[in-house]
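What follows is a single structure, written as structure tokens, with notes after it.
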Amino acid sequence: MNANMEPSPVAVCDFYRGDRDSISPPPKLDLSDSDDVTDPIGKSLEVKDNDELGSCSSSSVSRALHPKGRMLFEGVFPPGFDEMEELRVFDESKHLQLEEPFATHDLKSLGYDDSEEHGLSTSFAISDIMRLLSDEGVDCARAEIDRVKPTARSTDRFARVIRGATFRSKFLRDLVHSTKLTNFLSEVVGTPLVPHVMECQNAHLNLPPLKVDYSKPVDKWHHDTTDIVLVIFLTPEDKYTGGKFEYIVDPVDQAKKLIKSGNIPKHKLRQLEHQSPGFGVIQQGWRVMHRASPVLSGNDRITLVLSYYPSIPPTREGCQKLSNTWNGPTVDPEVMVLADWARFRAWRAARMFEVWTDMKDEAILAAFWKLVDFVKTCPYTEDRELIRDLFDASIASLALPLDDATEQTQVIKRVVECVKN
């Protein structure tokens with residue numbers, strides 16, 4: 001791991017303060033492949049004049065931290081997600097036990113070539129199993145999961161699942177937003193990370209079915225729609241057999257062909273052992289085809305899935321449309337996911353301006369601050385027209401005449417595409 005890598009921001013609401021004097025020049029934005037370049041955005045915005053955050057520079061991807069567990073915006077929980085009583089307080093010093101994986105594997109080890117890595121935030125593919133939570137951390141996480149289990153739902157894909165778990169448990173929200181954990185994972189992955197900007201993506205709980213079917217995999221072969229995904233195992237290995245995390249040693253497109261053929265050669269299949277409580281695996285999930293194999297005995301396999309996003313804008317990303325990541329109204333009610341997606345798009349657009357432009361054009365500055373306000377104030381609502389109107393108002397200044405020949409104008413066009421998507 002790179003000990004010299006800049007520490008990452010650790011929260012989804014690092015609102016921008018506007019100090020660009022100390023920002024090192026970003027790498028040149030490559031807009032040569034319009035099919036691949038879709039609303040590139042990394043992350044950082046922060047609340048102006050908020051004494052709780054302390055002084056801050058946007059250098060090194062804006063390191064200002066918000067109070068642990070604070071919501072992304074100045075609003076309330078989605079309807080039906082009122083925060084439950086806080087029974088356990090997350091403590092990094094007690095509940096984390098971070099141990100580096102024995103090895104990590106890059107995209108080339110899965111068969112990707114240089115052209116397929118173009119535009120990604122990191123060449124990292126997947127880690128070996130690593131320790132993440134202490135025994136006490138596991139006990140607290142399990143207790144919190146037991147408390148929120150009544151909110152679980154079932155779908156065709158998931159036997160029992162809880163999405164938006166950080167709306168249900170402050171302990172889990174503070175775990176996701178942990179400075180120590182996020183910086184550790186950034187080192188493993190090789191690029192600064194932040195908890196995913198969509199709060200409903202931050203923590204996802206996979207629970208055992210009420211009636212187990214030993215013939216079916218726990219989860220089908222798939223690749224993720226969030227860029228970086230951490231899976232934490234929370235069940236003692238003597239409580240079940242099978243249910244192993246598996247992945248295919250091939251690029252996603254080739255892996256799909258193997259799955260369709262019904263014949264995956266043994267040398268192409270990797271199965272992770274030692275799925276003990278508190279251990280986990282992190283991956284660039286949209287570039288790795290993976291699944292959980294069938295449980296063979298027992299029925300207590302529980303995993304906590306946390307999603308992260310690169311701080312430095314990638315020009316290729318795992319999800320470009322809400323429909324790609326929406327799991328249906330049963331587990332992703334529109335009143336939750338529409339606003340979260342909209343804030344994500346606005347945040348990406350604002351971050352794009354911050355990193356890929358000089359932030360001196362008046363039209364850009366006006367749009368930037370309106371996008372920041374949108375991220376902070378967009379309400380949870382099913383009113384698509386309201387969200388669209390707020391978005392349009394955020395970028396109204398970009399209608400000013402601009403020199404179409406400049407790279408900055410290309411960025412502006414991408415931002416407009418981002419918020420219109």
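Taking strands (runs of 3 or more DSSP E) as the structural unit, those lying wholly within region 209-277 and holding at least 3 residues that are surrounded by 14 or more Cβ atoms within 10 Å (Cβ to Cβ), within 27 Å of the chain's Cα centre (by Cα) and of a type in the set (A, V, I, L, M) correspond to 228-233. Quick one: in region 292-317, of everything that is of a type in the set (D, E, K, R) and farther than 19 Å from Val231 by Cβ, which residue is most open to solvent (accessible area, probe 1.4 Å)? So, considering only residues that are of a type in the set (D, E, K, R) and farther than 19 Å from Val231 by Cβ, the one most open to solvent (accessible area, probe 1.4 Å) is Arg316. When only residues in region 106-121 that are modelled with pLDDT of 95 or more and more than 20 Å from the chain's Cα centre (by Cα) count, which is surrounded by the most Cβ atoms within 10 Å (Cβ to Cβ)? Restricting to residues being modelled with pLDDT of 95 or more and more than 20 Å from the chain's Cα centre (by Cα), the top hit is Leu110.
Can you tell me which residues in region 318-337 are modelled with pLDDT of 85 or more, buried (at least 21 other Cβ atoms within 10 Å of the Cβ) and more than 15 Å from the chain's Cα centre (by Cα)? Correct list: Met336 only.
Of the residues making up region 145-167, those that are part of a loop (DSSP other than H, G, I, E, B) and surrounded by 24 or more Cβ atoms within 10 Å (Cβ to Cβ) number 2. Within region 67-101, the set of residues being open to solvent by 30 Å² or more (accessible area, probe 1.4 Å) and modelled with pLDDT of 95 or more comprises Asp91, Glu92, Ser93, Lys94, Gln97, Leu98, Glu99, Glu100. When each of Arg147, Arg157, Arg153, Arg168 is tested for being of a type in the set (D, E, K, R), closer than 24 Å to Leu210 by Cα and at pLDDT 90 or above, the lone residue that passes is Arg147. Taking the criterion of being farther than 23 Å from Asn183 by Cβ, assigned to a strand (DSSP E or B) and aliphatic (A, V, I, L, M), the residues of region 278-317 that qualify are Ala292, Val295, Leu296.
A quick yes/no check of all residues on (1) closer than 26 Å to Arg160 by Cβ; (2) of a type in the set (Phe, Trp, Tyr); (3) open to solvent by less than 10 Å² (accessible area, probe 1.4 Å):
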| site | (1), (2), (3) |
| --- | --- |
| Arg343 | no, no, yes |
| Trp356 | no, yes, no |
| Ala366 | no, no, no |
| Glu385 | no, no, no |
| Leu390 | no, no, no |
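The values are calculated or read from the model by the stated rules, or taken from the named source; none is laboratory data. Quick caveat, the model's predicted, so the values are computed rather than measured. Virtual Cβ from ideal backbone geometry, glycine too; neighbours counted across all protein chains shown. The area values use the complete protein model at the heavy-atom level, side chains included, leaving out ligands, DNA and RNA. Shrake-Rupley method; radii C 1.70, N 1.55, O 1.52, S 1.80 Å.
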